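Written out below as structure tokens is the structure these notes cover.
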Amino acid sequence: MKDSQPAEQTASQTKRIVETFSTHRKSPQAPPPRARGGGWGVGFFIPRICNSLRNRLALWGAVAAAAAGTVTIANISPPLLATAAPATKVAMSATRALNAAAGVNPQLVRTLEGHKGTVEVLAFSPDGKILASGGGSLDPKIRLWDMQTGDNIRTLKGHNTRVLALAIAADGQTLASGSDDSTLNFWNLKTGKLNYKFMEPASNIMSLAISPNGQSLVSGGLDGLKVWDVIQQRPLTTLLRYESVYSVAISPNNRLLASGSKDATVKVWNLATGELLATLKGHTQPVSALAFTPDSQTLITASYDASIKLWDTQTGQLAGSLLGHHSQVNSLAMRSDGKILASAGQDGIWIWDLKSQKLINKFPGHSNWVQSLAFSPDGQILASGGYDSTVKIWQIGASPEKPALTNNPR
């Protein structure tokens, strides 16, 4: 059974101005974020095994000819957007570097069972030892999994409907969770204790991101974009009001904030000052997922329009498009070496080589829609969550001599 869909916010002319330190405003109708379009069937997920090399080359030729996106720069010159340092080539031994080809044949090593509905969101702890998963409306709990044993070591109960967003601070101490129930919760990851709950007034919280320095949390919801102090666990400021924000991401260099909206645009902000640097236009439907490359030079955006786009953060220009998904893209996950990108949707899990911008593998992954993805910090494990109530653990980067996990697909 599919989860019920959240309510879409409608701004009336009588809406009063909220204070800067307000939390998200409750929306009266259910939002289309994470809405699933059309029907589905098992046959939809059967992997295509008859693609010849000629067909793949022809497909990529079509991709290269795709229409380019546009960018609107607001009162800035391009250098102001260039906050990331120029890329440098670092020599690494073959034993240390993660080979891009390792993403070609992911191996299922474990299936985690316990959720009773859709697994909406996933997040790894900074040390990779714990995986957090958020349940849907039938099971609005957060489950913490021991990645070595596969055990459900703790279940956190603090939301009464879908858990749509999770983020873990760099010190591994704080877990933030956002939900359709209009609450933003701060948890102690080690003890499972709920430290603080923001409730009134509030709105469906669709996405969360914690800065690499662990100081700032950004939340995207149906009433806008807000910044929080992680240490003090309190709201700081509101960057967007009354605009539905479906996705957020913070660059690894701690300088840029990106937000994806219902209106199909992506906004790029200066995280320190809150200044709007650019508005990226190229998608035709809501922007469902965002990810930065490790060097912060590329922003990757995914949309309900079934496309994935790559943007140069120095110039704000479109750098490429990854096409092929047959329906909306629900989730993105960037591997820590910056070579591999995973995307997921109704048509399964897709693995992309970012340097060549080519699809190198795709597979169903789950018996139903794939809703969420997350790479472990070392890039060896890809976790996926689906409508089939399971979390799948895929070995994608470990060497044969030293597997990341004991093989136990169940």
**OP:** Could you tell me whether the range 126-135 includes any residue that is out of contact with any His (no Cβ under 7 Å at 6 or more places or on another chain), buried (at least 22 other Cβ atoms within 10 Å of the Cβ), touching a residue at least 12 places away in the same chain (Cβ under 8 Å) and within 19 Å of Gly220 (Cβ to Cβ)?
**Re:** yes
**OP:** Select from the range 116-136 the residues that are of a type in the set (S, T, N, Q) and more than 20 Å from Ala344 (Cβ to Cβ) and list them in ascending order.
**Re:** Ser125
Subject >> Pairs with Cβ under 9 Å, 6+ apart, first in the range 288-301 and closer than 23 Å to Ser219 by Cβ, second among the basic types (Lys, Arg) >> reply: Ser288/Arg34; Ser296/Arg255; Leu299/Lys309; Ile300/Lys309; Thr301/Lys309
Subject >> Test result for Asp181, crowded, with 17+ Cβ neighbours inside 10 Å and part of a loop (DSSP other than H, G, I, E, B) >> reply: yes
**OP:** Only residues that are aromatic (Phe, Trp, Tyr) and touching a Ser or Thr at 6+ places or on another chain (Cβ under 8 Å): list them for the range 237-268, please.
**Re:** Tyr246
Original post:
Within the bounds of the range 272-285, is there any residue that is among the hydrophobic types (A, V, I, L, M, F, W, C) and under 24 Å from Val121 (Cα atoms)?
Top reply: no
**OP:** Give the number of residues within the range 279-305 that are open to solvent by 10 Å² or more (accessible area, probe 1.4 Å), of a type in the set (Gly, Ala, Ser) and in a loop (DSSP other than H, G, I, E, B).
**Re:** 1
**OP:** Might you check whether a residue that is in contact (Cβ under 8 Å) with a residue 24 or more places away in the chain, open to solvent by less than 10 Å² (accessible area, probe 1.4 Å), on the phi < 0 side of the Ramachandran plot and not in a strand (DSSP E or B) occurs anywhere in the range 141-161?
**Re:** no
**OP:** Give the residues of the range 221-230 that are at negative phi and either part of a strand (DSSP E or B) or loosely packed, with under 13 Cβ neighbours inside 10 Å (or both), sorted by residue number.
**Re:** Gly221, Leu225, Lys226, Val227, Trp228, Asp229
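The values are calculated or read from the model by the stated rules, or taken from the named source; none is laboratory data. Just so it is clear, the model here is predicted, and its values are computed rather than measured. Ideal geometry is used to build each Cβ from the backbone, glycine not excepted, and the neighbour counts take in all protein chains shown. In case anyone asks, the SASA skips ligands and DNA or RNA and just uses the protein heavy atoms, side chains included. Shrake-Rupley method; radii C 1.70, N 1.55, O 1.52, S 1.80 Å.
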